[in-house]
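What follows is a short report on a single structure.
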Amino acid sequence: AQSVTQPDIHITVSEGASLELRCNYSYGATPYLFWYVQSPGQGLQLLLKYFSGDTLVQGIKGFEAEFKRSQSSFNLRKPSVHWSDAAEYFCAVGTSEYGNKLVFGAGTILRVKS
Amino acid sequence: GAGVSQSPSNKVTEKGKDVELRCDPISGHTALYWYRQSLGQGLEFLIYFQGNSAPDKSGLPSDRFSAERTGGSVSTLTIQRTQQEDSAVYLCASSLAGGGTLFYEQYFGPGTRLTVT
């Protein structure tokens, strides 16, 4: 079965500092990988996705993520965080084998200090 | 275009009552999913509809939960005899298609916050 681990429950960074949110997955084959963001009281917004090809993917709002097969990781990065980035971030994995449904990590809450 | 919509946005109900939550997927999307987001369990899959195929109900936590999708579009999630542990945000998502050998991106609605008192 698939599983996703986000080891950091909370992260605090200063505005303008760089950010890396960690995500590790467990699945035998290459999965489809996603990062979603959720602001308080809002639904999930897709930041970026990895399906195949270039292992460094660019997303919206200046985010990027790198797929590393050897480490079963898909970490999210941003070079300079803005106060508006404060939210909860979810890593998710999906496979067509399991009917297109997503398995989510527990989420990482990002706090931005001014 | 219009995204996934859900209603109501908030629902407060008494323990033991039945509730219905509605989801309108993006027009033209054939696959529809329900997820639940709760403090103790995080985000978990509940049920998945793809076209006219039998739904994948493998994530439903008990037989008090059911869902239907009428006309391949709108879906209703019904919880019977609600319990306090059913309190959560129920999220609906849709995708262009689902199943087969390809994976399709899911678009989420804003959710329905259910509180069982």
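Numerical summary
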read-out	value
Rg and Dmax of region B:5-108, Cα atoms only, in Å	13.4, 43
Proximal charge balance of B:Pro61 [Cβ under 10 Å; K/R count +1, D/E count -1]	-2
Cα centroid of region B:1-39 to Cα centroid of region A:17-76, whole Å	26 Å
27 Å Cα-Cα threshold exceeded, pairs from B:Lys17/B:Lys57; A:Lys78/A:Lys113; A:Lys101/B:Lys17; A:Lys68/B:Lys57; A:Lys49/A:Lys78; A:Lys61/A:Lys113	A:Lys101/B:Lys17; A:Lys68/B:Lys57
Range of Cα positions in region B:76-117 per principal axis (Å), largest first	42, 19, 16
Size of charge dipole - region A:4-114 - debye, nearest 20, with Cβ of Lys, Arg +1 and Asp, Glu -1, no other charges	40 debye
Distance-filtered residues of region B:71-113 - backbone nitrogen under 15 Å, label point 7 angstrom along B:Thr13 Cα→Cβ	B:76-91, B:112-113
Cα-based Rg of region A:3-113 normalised by 2.2 N^0.38 Å, two decimals	1.01
Pair B:Leu39, A:Leu46: separation of 7 Å Cα→Cβ label points (nm)	3.2 nm
Cβ charges +1 (Lys, Arg) and -1 (Asp, Glu), total dipole of region B:1-106, debye	140 debye
Nearest-20 debye value, the protein assembly as shown charge dipole, Cβ charges on Lys, Arg, Asp, Glu	180 debye
DSSP-defined antiparallel bridges as percent of all bridges, the protein assembly as shown, nearest 5	90 percent
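A short reminder: the numbers here are calculations on the coordinates, not readings from a lab. Quick caveat, the model's predicted, so the values are computed rather than measured. With ideal geometry, Cβ positions are generated from the backbone for all residues, glycine too; neighbour counts draw on all protein chains shown.
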